[in-house]
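Right, one structure below, let's go through it.
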Amino acid sequence: MRIGELAAKAGLSTKTIRFYEEAGLLPAPPRTSGGYRDYPEQATARLSFVRDAQAAGLTLAEIRSVLALRDSGQAPCREVGTLIDQHLADIERRMSELREARAALRELSRRAAATDPDTCTDGDICTILTRTTGSDGAE
């Protein structure tokens, strides 16, 4: 099938398909006598896999490694499971960091609401963001 038909079936643009081909995610198809790309039917499933893997958070390099395993005749299930676990752990870490940032921003918001701009001195840049330290320099 030609690239336009593949794009319609896969729900992607022809530009994206060419990019995936250049990135090694989709093998270069044979060409017709007129020079057009002639994709096999299984290209649709491969592109669907790439799209789903990206939606799950896998990088193109990770997707390429999974496809390489499959192309070599190996089932990539273990590799995919490991990648998913790694991405899940990363998301958990980032969520924890975001919860900490939210708590800090809530405290700053309370501080901002209680701050009277008329009490700021010329030496202050912004007392809302300036951390208050004790006499020993510890927070």
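The values are calculated or read from the model by the stated rules, or taken from the named source; none is laboratory data. Quick caveat, the model's predicted, so the values are computed rather than measured. For neighbour counting, all protein chains shown are included, and Cβ atoms are generated from backbone atoms with ideal geometry for every residue, glycine included. These area figures cover heavy atoms from the full protein model, side chains too; ligands, DNA and RNA do not enter into them. Shrake-Rupley method; radii C 1.70, N 1.55, O 1.52, S 1.80 Å.
May I ask you to list the residues in segment 1-30 that are more than 20 Å from the chain's Cα centre (by Cα) and among the polar types (S, T, N, Q)?
Within segment 1-30, THR14 is the sole residue that qualifies.
Any idea which of ALA114, ALA55, ALA8, ALA28 is of a type in the set (A, V, I, L, M), open to solvent by 70 Å² or more (accessible area, probe 1.4 Å) and under 30 Å from ARG131 (Cα atoms)? Walk me through it before giving the result.
Working: ALA55 fails: under 30 Å from ARG131 (Cα atoms); ALA8 fails: under 30 Å from ARG131 (Cα atoms); ALA28 fails: under 30 Å from ARG131 (Cα atoms).
The match here is ALA114.
Which pairs have Cβ atoms under 7 Å, sit 6 or more apart or on different chains, and link a residue in segment 38-49 that is farther than 17 Å from GLY24 by Cβ to one that is among the small types (Gly, Ala, Ser) and in a helix (DSSP H, G or I)?
Here the result reads THR44/ALA10; SER48/ALA10, each pair linking segment 38-49 to a residue that is among the small types (Gly, Ala, Ser) and in a helix (DSSP H, G or I).
LEU69 - would you say it is in contact with a Pro (Cβ under 8 Å, 6 or more places away or on another chain) and modelled with pLDDT of 95 or more? Before the answer, list the steps.
Working: in contact with a Pro (Cβ under 8 Å, 6 or more places away or on another chain): yes; modelled with pLDDT of 95 or more: yes.
Yes.
Being surrounded by fewer than 18 Cβ atoms within 10 Å (Cβ to Cβ) and among the small types (Gly, Ala, Ser) is the filter; apply it to segment 31-52 and report the residue that is nearest to the chain's Cα centre (by Cα).
The residue in question is SER48.
Take segment 73-90 and flag every residue that is out of contact with any helix residue (DSSP H, G or I) (no Cβ under 7 Å at 6 or more places or on another chain) and closer than 26 Å to LYS9 by Cα.
The initial filter retains those residues of segment 73-90 that are out of contact with any helix residue (DSSP H, G or I) (no Cβ under 7 Å at 6 or more places or on another chain), namely 73-75, 77-78, 81-82, 84-90.
Result: GLY73, ALA75, CYS77.
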